[in-house]
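Visitor: Below you will find the structure I want to go over with you.
Values in this text are rule-based calculations from the coordinates and carry no lab data. Computed from a predicted structure; not experimentally measured. Cβ sites come from the backbone with ideal geometry, for glycine too, and all protein chains shown count toward neighbours.
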Amino acid sequence: MVKGYIGLDVHKAQIVTGVAKGVEDAFIHGKCSADIRVFMKALRKLLKKYDWKKDEVRICYEAGPCGFPLARHLLRMGYAVDVIAPSLIPTKSGDRVKTDKRDAKKLARLLRSGDLTAIHIPDEADEVIRDLCRARTDAVDDRTRTKQRLGAFLLRNGHHYTGRSNWTEAHHRYLRELVLIDPIQKLILEEYVQALDGTMDRVASIEDHMRIRLESWHRRSFVEALQGLKGFQMVASMVVASELGDLTRFSHPRKLMDYLGLVSSEDSSGTRRRQGAITKCGNSHVRWMLVEVVHSYRLPPKISKQLSVRQEGLNGAIKAVSWKAQKRLHKRYLRLKMRGLHENKIMVALARELAAFVWEIAQIIQAPADSTQAAA
C-alpha cells in the first residue's frame, strides 16, 4: 500500500522535494544537493521521519536535461519511480506563478491523484547507442551547414559548378583546383574545404563505431529485422531501436503512433468535429526518421538487390511483413496523390502506417523469447 507520494524538482545543482500523504495538501519537505549520494541520504531521512518503507512510497520527477541516472539509481535501490512527460502535466490557465517549490508540490499532488503520464526509462546500453546515433545526426547537420556555407561563398564570388553532381570526387577536385583572384579568398576556400573534410570524417568515424557497437547490443536482432523493411538500413534501424527501446510495452500500434505524435490533433464539440495537424507530441527523432524512410515507398513494390542482401537470414514472417508494407504503402501513396494532397502530408500519413509495421516486426522478434520462457 502506498502511503506517500514524493515529487522532485530536479536541477543541475539542487533537488526540491515535495510530499503528499493521505488526504492532506501537498507540502515542501526541503531541498538538497543534486548529488545522488546526498539526495539518497536526504531521502532516507524523509522515510525515517514518516516511518515509511521503500515499497510504501512513489517518487516522480520531470524529464529534462539531467537525464535518467537518478531514476535508474532509485530503481536499483528498490524504489518505485516514474519520469514524467512535461508536456502532458495538467496546468491551470490562470496559474501564472511558477517556482521550484510549487513544481515539487504539484508533482506530488498529481502523482497521488494519478494525473501524470510516465515515459519509458531506457537502460544504460540503449542510452549509449542513442547518444551515438544522435552524435551522428549532429555531425550530419554540421556537414550540411558547411556545404551550404561553402556553396554560398562560391556563389557570391561568381563560381558555379556545372558538373553532373555536387560533393562527388570530381566536385572535390574542382574545388581544389579552383583559382580565385585574391589570395585571402583562396585561403577562405581552403578553410571551408578542410572543415568539410573534417565533418565527413566525423560522420564516417561515428558510423564505424555504430557498426562495432551493434555487434554486442542486445537489440541487434531487432535492428537486423528492421533492415528487412524497404528504406531501413543500419543507421535508420539503430535510431529507431535505440529511441523506442522495447516496443512490446505498446499493446496496439495506434498507441505507438500516438507516442510518436503522428496522429491528428482534434478540437471537437457537439456535432462539430475539427481535425488539425499532427500532435508532434512524442519522440521527434523517430518521427523524423520514419518520414525520411517512407519516401522510398513512392516507388512500386520491388525486392531490390540491396534489400535482398539485408533480408538474408531473416525468417519468412519478417519478409512477409516487409512485402505487405511495400504493397500497402505504395497503394496508399497513389490514392492520396490522386486526391491532390500535398506531398508532405502524404509522407506523414505513410509514416504513421509504417510505424504499425515496425510495431509488428517487434512483436515477431519478441515472440520466440516469450515462447521459450513459457516453455521453461
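Visitor: If you find the alpha carbon centre of the range 93-123 and of the range 245-318, how far apart are they in angstrom?
Guide: Comparing the Cα centres of the range 93-123 and the range 245-318, I get a distance of 30 Å.
Visitor: Can you list the lysines whose alpha carbon sits under 30 Å from that of LYS327, skipping same-chain ones fewer than 8 residues off?
Guide: Within the straight-line limit of under 30 Å, LYS327 reaches these lysines: LYS230, LYS255, LYS280, LYS302, LYS305, LYS319, LYS337, LYS345.
Visitor: Take SER264, project a point 7 Å from its Cα along the Cβ direction, then tell me which residues of the range 304-336 have their backbone nitrogen under 19 Å from it.
Guide: Those under the cut-off are 332-336.
Visitor: Obtain the nm distance between the two label points defined at LYS53 and ASP131 by a simple spin-label model: each point lies 7 Å from its Cα along the Cα-to-C-beta direction.
Guide: For LYS53 paired with ASP131, the spin-label model returns 3.7 nm.
Visitor: Rank these for me by crowding, TYR161, TYR259, going from fewest to most other beta carbons within 10 Å.
Guide: On the way: TYR161 16, TYR259 22.
The order, fewest Cβ neighbours first, is TYR161, TYR259.
Visitor: Report, to one decimal in Å, the Kirkwood hydrodynamic radius for the range 92-214 based on all distinct Cα pairs. Walk me through the numbers on the way to the answer.
Guide: Working: mean 1/r = 0.0521 Å⁻¹.
After inverting the pairwise mean of 1/r, the radius is 19.2 Å.
Visitor: Rounded to the nearest 20 Debye, what is the dipole magnitude of the range 4-113 about its Cα centre when Lys and Arg each give +1 and Asp and Glu each give -1 at the C-beta? Don't skip to the end; give the middle numbers.
Guide: Working: 23 positive and 12 negative charges, 56 e Å.
The calculation lands at about 260 debye.
Visitor: Going by a ≥ b ≥ c, the root eigenvalues of the Cα gyration tensor, does the range 1-89 fall in the rounded group (a/c under 1.5), the prolate group (a/b larger than b/c) or the oblate group?
Guide: Taking the square roots of the gyration eigenvalues as a ≥ b ≥ c, the range 1-89 is rounded.
Visitor: Here's a follow-up. What ³J(HN,Hα) values, in whole Hz, does the Karplus curve 6.51 cos²θ - 1.76 cosθ + 1.60 give for the range 225-236 when θ = phi - 60°, with x put for Gly and Pro?
Guide: Once θ is set to phi - 60°, the couplings for the range 225-236 become 5, 4, 5, x, 7, 5, x, 8, 10, 4, 5, 4 Hz.
Visitor: In whole Hz, what ³J(HN,Hα) sequence does the range 168-181 give by Karplus (6.51, -1.76, 1.60; θ = phi - 60°), x for Gly and Pro?
Guide: Values per residue, Gly and Pro as x: 8, 4, 5, 5, 5, 5, 4, 5, 5, 8, 5, 9, 10, 5 Hz.
Visitor: Nearest 10 degrees, 0 to 90: what angle lies between the long axis of helix 343-375 and the longest principal axis of the chain (Cα atoms)?
Guide: 60
Visitor: Moving to a separate point now. How are the C-alpha pair distances of the chain spread across 10 Å bins, as whole percents from the shortest bin up?
Guide: Cα pair-distance distribution for the chain, in percent: 4, 17, 22, 23, 19, 10, 3, 1, 0.
Visitor: Running a GNM on the chain with Cα contacts under 10 Å, which residue among ALA325, ALA80, ALA236 ends up with the highest mean-square fluctuation?
Guide: Result: ALA80 has the largest fluctuation of those listed.
Visitor: Under 10 Å, Cα contacts only: if you run a Gaussian network model on the chain, which one of ARG44, ARG72, ARG254 comes out with the highest mean-square fluctuation?
Guide: Highest fluctuation among the options: ARG44.
Visitor: When the chain is fully extended, how far beyond the present Cα-Cα distance does LYS255 get from SER93, taking 0.36 nm per residue of separation?
Guide: Values: separation 162, 0.36 × 162 = 58.32 nm, distance 2.79 nm.
Here the answer is 55.5 nm.
Visitor: Rank SER113, HIS29, VAL10 by how far each Cα sits towards the positive end of the charge dipole of the range 4-113 (+1 on Lys, Arg Cβ; -1 on Asp, Glu Cβ) and give me just the farthest.
Guide: Checking the options against the dipole of the range 4-113, the answer is HIS29.
Visitor: Using +1 at the Cβ of each Lys and Arg and -1 at the Cβ of each Asp and Glu in the chain, identify which of LEU189, ALA71, THR162 lies farthest towards the dipole's positive end.
Guide: ALA71
Visitor: How far apart, in nanometres, would the label points at HIS159 and HIS209 be if each is projected 7 angstrom from Cα along the Cα-to-Cβ direction?
Guide: Going by the 7 Å Cα→Cβ label model, 3.3 nm.
Visitor: Still on this structure: Limiting things to C-alpha atoms, what are the Rg and the maximum Cα-Cα separation (Dmax) for the range 75-134, in angstroms?
Guide: Values for the range 75-134 (Cα only, Rg and Dmax): 15.0, 43 Å.
Visitor: Once you have the Cα-Cα distance between MET234 and ALA118, take 0.36 nm times their residue separation minus that, and quote the gain in nm to one decimal. Numbers along the way, then the final one.
Guide: Values: separation 116, 0.36 × 116 = 41.76 nm, distance 2.96 nm.
Length gained, MET234 through ALA118: 38.8 nm.
Visitor: Sticking with this structure for a sec: Can you quote the Å³ per residue value for the convex hull of the Cα atoms in the range 221-367, rounded to an integer?
Guide: Values: hull volume 17.0 nm³, N = 147.
Convex hull volume per residue, Cα atoms: 116 Å³.
Visitor: Around LYS280, under 13 Å between beta carbons, what's the net of Lys plus Arg minus Asp minus Glu among the other residues?
Guide: Working: positive: ARG287, ARG352; negative: ASP258.
That works out to +1.
Visitor: Quick one: putting +1 on the C-beta of Lys and Arg, -1 on the C-beta of Asp and Glu, what dipole do you get for the range 88-154 around its Cα centre, in Debye to the nearest 20? Could the numbers behind the result be given before it?
Guide: Numbers: 16 positive and 12 negative charges, 115 e Å.
For this selection, approximately 560 debye.
Visitor: A further question on this structure: Which ³J(HN,Hα) values in Hz, rounded to whole numbers, follow from the phi angles of the range 283-296 under the Karplus curve 6.51 cos²θ - 1.76 cosθ + 1.60, where θ = phi - 60° and Gly and Pro get x?
Guide: Per-residue couplings from phi come out as 7, 6, 5, 5, 4, 5, 5, 5, 5, 5, 5, 5, 4, 5 Hz.
Visitor: Place a +1 charge on the Cβ of each Lys and Arg in the chain and a -1 charge on the Cβ of each Asp and Glu, then give the dipole magnitude about the Cα centre in debye, rounded to the nearest 20.
Guide: On the way: 65 positive and 43 negative charges, 254 e Å.
In debye, rounded to 20, the chain gives about 1220.
Visitor: Under 10 Å, Cα contacts only: if you run a Gaussian network model on the chain, which one of HIS73, HIS330, HIS120 comes out with the highest mean-square fluctuation?
Guide: Looking only at HIS73, HIS330, HIS120, the largest GNM fluctuation is found for HIS73.
Visitor: Please state the relative contact order of the chain as a whole percent: Cα pairs under 8 Å, 6+ residues apart?
Guide: Numbers: 454 pairs, mean separation 47.4, N = 376.
That works out to 13 percent.
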